[in-house]
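I have placed the structure first, in the form of structure tokens, so that the comments after it can refer back to it.
The values are calculated or read from the model by the stated rules, or taken from the named source; none is laboratory data. Since the model is a prediction, treat every value here as computed from it, not as a measurement. Every residue, glycine as well, gets a Cβ built from its backbone with ideal geometry; the counts of neighbours run over all protein chains shown. All accessible areas refer to the heavy atoms of the entire protein, side chains included, with ligands and DNA or RNA removed. Shrake-Rupley method; radii C 1.70, N 1.55, O 1.52, S 1.80 Å.
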Amino acid sequence: MTSRMDARFAQLKKEGRSAFVTFVMGGDPDPETSLAIVKALPQAGADIIEIGMPFTDPMADGPSIQAAGLRALKAGMTLKKTLQLVRSFREGDAATPIVLMGYYNPIYIYGVDKFLDDAKAAGVDGLIIVDLPPEEDTELCIPALKAGLNFIRLATPTTDDKRLPAVLANTSGFVYYVSITGITGAAAADSSAVGAAVARIKRHTALPVCVGFGIRTPETARAIAANADGAVVGTALVDALRASLDAEGRATPKTVSAVADLVAALAQGVRGAQQAAE
């Protein structure tokens, strides 16, 4: 059976364009609004959706995504409710791949086998677990692959050719290339450096390579998409959400559209890379 992820990348290849991957924090600013946002993403132009699993100590995240996680936790979001969010999304969308992104601690506490069973049943397609290196593959990566979930690994500018085979060994779905050295939202991506890095990774794997961190504008998304199989945007969307909230940090009537409108603009940027190539 072809996975949703494989099917989506095959479809995009046929269309001759890169994927637009969006990241939002599950439960931000509250579970109900978060579901409405996630439901709006595919229509706005998202090809793959990453949903953050809120955690109290998100060491790879910049201030914006850290704050989003804290808003979600304050609103009562849990890992169980994050899976429920995916389940509710799946009631109206059977095609868009969903990736859960976060840290191992909440999964460990939930119970690895139970989490994988529940995630698969909810309609999750893949996992990005920031703090589990290849040396810990028996903890979650191997069980996830056996359960039929993609395990998507991060490669960074400091992942050299010696390290890369270990990073890619059990990776599936796609490779997530982190375009900058640092936390999310810290700097702008350099499209020329990214192009060389993507080419290097592709010498080691046939998997699609998607690039994230440092993409905030349609122009940058377009430049990145010209050199990669996908562009990932997170901090810019989280910032747009935060800017739509009221003084107490609650959702307003503008919150869903604030995110969806930016997604639409960024999606045009990604699609512009295809038009420029034609």
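Can you give the three extents of the C-alpha atoms in region 1-124 along their principal axes, from longest to shortest, in whole Å?
Result for region 1-124: principal-axis Cα extents of 42, 31, 27 Å.
Would you mind checking K114/K202; K39/K74; K74/K202; K80/K254; K81/K162 for any pair whose Cα atoms are more than 32 angstrom apart?
Violating the 32 Å limit, Cα to Cα: K114/K202; K74/K202; K81/K162.
How many times 2.2 N^0.38 Å is the alpha carbon radius of gyration of region 216-266?
Rounded to two decimals, the normalised Rg is 1.30.
Compute the accessible area per residue over the chain, keeping the other protein chains in place, probe 1.4 Å, unit Å².
Heavy-atom accessible area per residue stands at 42 Å².
Give me the Å³ per residue figure for the convex hull around the C-alpha atoms of the chain.
Looking at the chain, the number lands at 116 Å³ per residue.
Ignoring ligands, DNA and RNA, what percent of the accessible area of region 112-212 is carbon or sulfur (1.4 Å)?
The computed percentage sits at 52.
Sum up the charges of everything whose Cβ sits under 12 Å from the Cβ of A196, counting Lys and Arg as +1 and Asp and Glu as -1, but leave A196 out.
+2
Taking the Cα centre as origin and putting +1 on Lys and Arg beta-carbons and -1 on Asp and Glu beta-carbons, what dipole magnitude results for the chain, to the nearest 20 debye?
That gives a dipole near 460 debye.
Report the semi-axes of the equivalent ellipsoid for region 74-136 in whole Å, largest first, where each axis is √(5λ) for an eigenvalue λ of the Cα gyration tensor.
Calculated on Cα positions only, the semi-axes equal 20, 14, 11 Å.
How big is the C-alpha Rg of region 126-183 next to the rule-of-thumb value 2.2 N^0.38 Å, as a ratio?
1.08
Within the P(r) computed for region 7-74, what percentage of the Cα pairs occupies the region above 14 Å?
62
Any idea of L132's accessible area? Nearest 10 Å², probe 1.4 Å.
20
With point charges of +1 on the Cβ of Lys and Arg and -1 on the Cβ of Asp and Glu, referenced to the Cα centre of the chain, which listed residue (A10, P208, V130) lies farthest in the positive direction of the dipole?
A10
I need the peptides 224-235, 148-159, 246-257 ranked by packing, meaning the mean over residues of other C-beta atoms within 10 angstrom, with the highest value on top.
Going by the mean number of other Cβ atoms within 10 Å, highest first, we get 224-235, 148-159, 246-257.
Using a cut-off of 11 Å between beta-carbons, work out the net charge of the residues near K254 (Lys and Arg +1, Asp and Glu -1, K254 not included).
-2
What per residue convex hull volume, in Å³, comes out for region 124-259 when only alpha-carbon positions are used?
132
Which one of A264, S172, A197 has its Cα pushed farthest toward the positive end of the charge dipole of region 139-270, where Lys and Arg give +1 and Asp and Glu give -1 at the Cβ?
S172
Can you give the log10 of the normalised intensity I(q)/I(0) at q = 0.13 Å⁻¹, computed with Debye over equal Cα scatterers of region 34-188?
The computed values of log10 I(q)/I(0) come out as -0.61.
Can you give the local net charge around K146? Use residues other than it whose beta-carbon is closer than 12 angstrom to its beta-carbon, Lys and Arg +1, Asp and Glu -1.
So the surrounding residues net to -2.
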